[in-house]
Amino acid sequence: MKRPNVSVLASSVLLASILAVALVFIPAAIRAAGSSFIGQFHTISTLVSTVPRNGDVNPYGTVVVPQSLGKLTQGDVLVSNFNNSANLQGTGTTIVEISPGGTRRLFAQLDASTLPGSCPGGVGLTTVLVALQRGWVVVGSLPTSDGTSSTAAAGCLIVLDSNGNPVETFSGGLINGPWDMTAFDGGNEAALFVTNVLNGTLAAHGRVVNRGTIIRIDLDVPQQGQGIPAAEETTVIGSRFSERTDPAALVIGPTGVGLSGSTLYVADSLNNRIAAIPNALERQTTAFTGKDVTSNGTINDPLGLTIAPNGDILTVNGNDGKIVETTPGGNQIVHKLLDSTGSPPGAGCLFGLAVVPAGLGVYFVDDCDNTLKLLH
């Protein structure tokens, strides 16, 4: 497969349905006004618990389904769980599907012993979660055996069909602790942008190492029933990001990613900044830690990241329960408190987020009470 052609990017993106972390439907009024996106929203509603029957908790990945196929319903939200019922990190095995009205059902429950390929260490589902137009779902695993970083393993990406059945895995090579992901979805081809946080991290025993990476995996994407996605090329487009193990978060490193045009924005959690990697769709060399977009201010351990309909960057803070809107030029224009639970208020509550279709709000998972919520 040839790498996605940047010259056709705009038309391909506009024809795609929602990519959740890279929503491309842009209401004309919002674009023309050039105003804040989240500034118009003042209500937080709880849709439903994200806990399935097996008791998995700690919801991480959040993505809106772009097309109806198999068990997938367009507009529903998929959520991956990182912890099992004993609250051990890196042991969650489930993805739930939640309707806009708050009905939850199980989309997939993965068993490490029956995966159709290698996944070093087993299954512990992270924020890596993408749903493609052709019904394929890709989820990441950074597994542990006991919930601690000392037993963390390299993991893999797991590809599922539209009925929640795993059909293949991508592992080894440049995949080492996949932590978050977004995608360019061109229908018959896609590019996955994956953050990796275990390059040298475990050996450092809690010290910061600057070896985190962002990789692009170029995929051929067939229709279901006509084969399975094939990884054609994997390229390091970002490197030297700070990362370390952490008892409360398992590991901290480059987390949220969002694609706007051909620029990939990255939440550089340990350095409390948002970075930009230019020409992300085509580049064949690393941009290292990218260009500074913004840092500090109301940014406070940025984790989940997505792109607003007006082109602004939305991030949620790991340390204080806030969502922050930043312009591509680096101005932090609005912030809102989403959760004030605990001490300090809101710490450890937020992770994955996704824009509601047509820009009607923002979905976000709340780890403090294991729910999917809506800012609207």
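The values are calculated or read from the model by the stated rules, or taken from the named source; none is laboratory data. Because the structure is a prediction, the values reported are computed rather than measured. In this analysis, Cβ positions are derived from the backbone assuming ideal geometry, glycine residues included, and neighbour counts consider all displayed protein chains. Calculation scope for accessible area: heavy atoms of the full protein, side chains included, ligands and nucleic acids excluded. Shrake-Rupley method; radii C 1.70, N 1.55, O 1.52, S 1.80 Å.
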Solvent-accessible area per residue for the chain (1.4 angstrom probe, square angstrom) | 34
Phi to ³J(HN,Hα) by Karplus 6.51 cos²θ - 1.76 cosθ + 1.60 over segment 319-333, Hz, x for Gly, Pro = 9, 8, x, 10, 9, 10, 10, 10, 6, x, x, x, 8, 7, 9
Cα Rg over Rh - segment 106-250, Kirkwood | 0.97
Per-residue ³J(HN,Hα) for segment 264-269, Karplus 6.51 cos²θ - 1.76 cosθ + 1.60, θ = phi - 60°, Hz, x for Gly and Pro = 9, 9, 10, 7, 8, 4
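For segment 43-123, rounded, prolate or oblate, judged on the Cα gyration tensor with a ≥ b ≥ c (square roots of eigenvalues), a/c < 1.5 rounded, else prolate if a/b > b/c? Numbers along the way, then the final one.
Numbers: a/c = 2.36, a/b = 1.38, b/c = 1.71.
Judged from the Cα gyration tensor, segment 43-123 comes out oblate (a/c at least 1.5, b/c at or above a/b).
Report the gain in length on full extension from Val167 to Ser150: 0.36 nm times residue separation, minus Cα-Cα distance, nm rounded to one decimal.
3.2 nm
If you add up the charges near Gly352, with Lys and Arg at +1 and Asp and Glu at -1, over every other residue whose beta carbon is less than 12 angstrom from its beta carbon, what do you get? If you can, show how the numbers build up before the last one.
On the way: positive: Lys373; negative: Asp180, Asp366, Asp367.
That works out to -2.
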Going by the alpha-carbon gyration tensor, a ≥ b ≥ c the square roots of its eigenvalues, is segment 238-325 rounded (a/c under 1.5) or, if a/c is not under 1.5, prolate (a/b greater than b/c) versus oblate?
-> oblate
What distance in nm separates the simple spin-label points at Ser68 and Thr341, each placed 7 Å from Cα in the Cβ direction?
-> 3.3
In square angstrom, rounded to the nearest 10, how much accessible surface does Ile228 have for a 1.4 Å probe?
-> 80
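For segment 293-376, rounded, prolate or oblate, judged on the Cα gyration tensor with a ≥ b ≥ c (square roots of eigenvalues), a/c < 1.5 rounded, else prolate if a/b > b/c?
On the way: a/c = 2.27, a/b = 1.19, b/c = 1.91.
In terms of gyration-tensor shape, oblate.
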Spread of Cα-to-Cα distances over 10 Å intervals beginning at zero, given as percent, for the chain | 6, 28, 39, 24, 4, 0
How do 323-329, 62-68 rank on mean C-beta neighbours within 10 Å, highest first?
-> 62-68, 323-329
What aspartates and glutamates sit close enough to Lys373 to cross-link, taking a C-alpha to C-alpha distance under 16 Å and skipping anything fewer than 8 places away on the same chain?
-> Asp76, Glu97, Asp339
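In the chain, what percent of the accessible surface is made up of carbon and sulfur (1.4 Å probe, ligands and nucleic acids excluded)? All intermediate terms of the calculation are to be shown ahead of the outcome.
Values: 6470 of 12910 Å².
Whole-percent figure for carbon plus sulfur exposure: 50.
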Straight distance only, please: which aspartates and glutamates reach the Cα of Lys336 with their own Cα at less than 17 Å, same-chain residues fewer than 8 apart left out?
-> Asp301, Asp312, Asp320, Glu325, Asp366
Using the alpha-carbon centroid of each, what span in Å lies between segment 318-376 and segment 149-163?
-> 25
Hey, what number do you get for the chain at 222 nm if only DSSP H runs of n ≥ 4 count, each worth -39500 (n - 2.57), divided across all residues, to the nearest 500?
-> -1000 deg cm²/dmol
Report the FRET efficiency, 1/(1 + (r/R0)^6), for Ala112 and Asn210, where r is their Cβ-Cβ distance and R0 is 30 Å, rounded to 0.05.
-> 0.45
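Give me the extension gain from Gln284 to Gln40: residue separation times 0.36 nm, minus the current Cα-Cα distance, reported in nm with one decimal.
On the way: separation 244, 0.36 × 244 = 87.84 nm, distance 3.96 nm.
Gain on extension, Gln284 to Gln40, equals 83.9 nm.
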What residues have an amide H closer than 5 Å to that of Cys156, excluding those fewer than 5 places away on the same chain, when H is modeled at 1.01 Å from N in the peptide plane?
-> Ser141
Taking a temperature of 4 °C and a viscosity of 1.567 mPa s, what whole-number D in µm²/s does Stokes-Einstein yield for segment 281-323 with Rh from Kirkwood over alpha carbon pairs?
-> 106
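Thinking of segment 108-181 as a set of Cα atoms, what percent of all their pairs are more than 16 Å apart? Before the final figure, lay out the partial values.
Working: 1152 of 2701 pairs.
In whole percent, the long-distance tail amounts to 43.
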Would you mind checking which residues have amide H under 5 Å from Thr341's amide H? H placed 1.01 Å from N; only 5 or more apart, or other chain.
-> Gly346
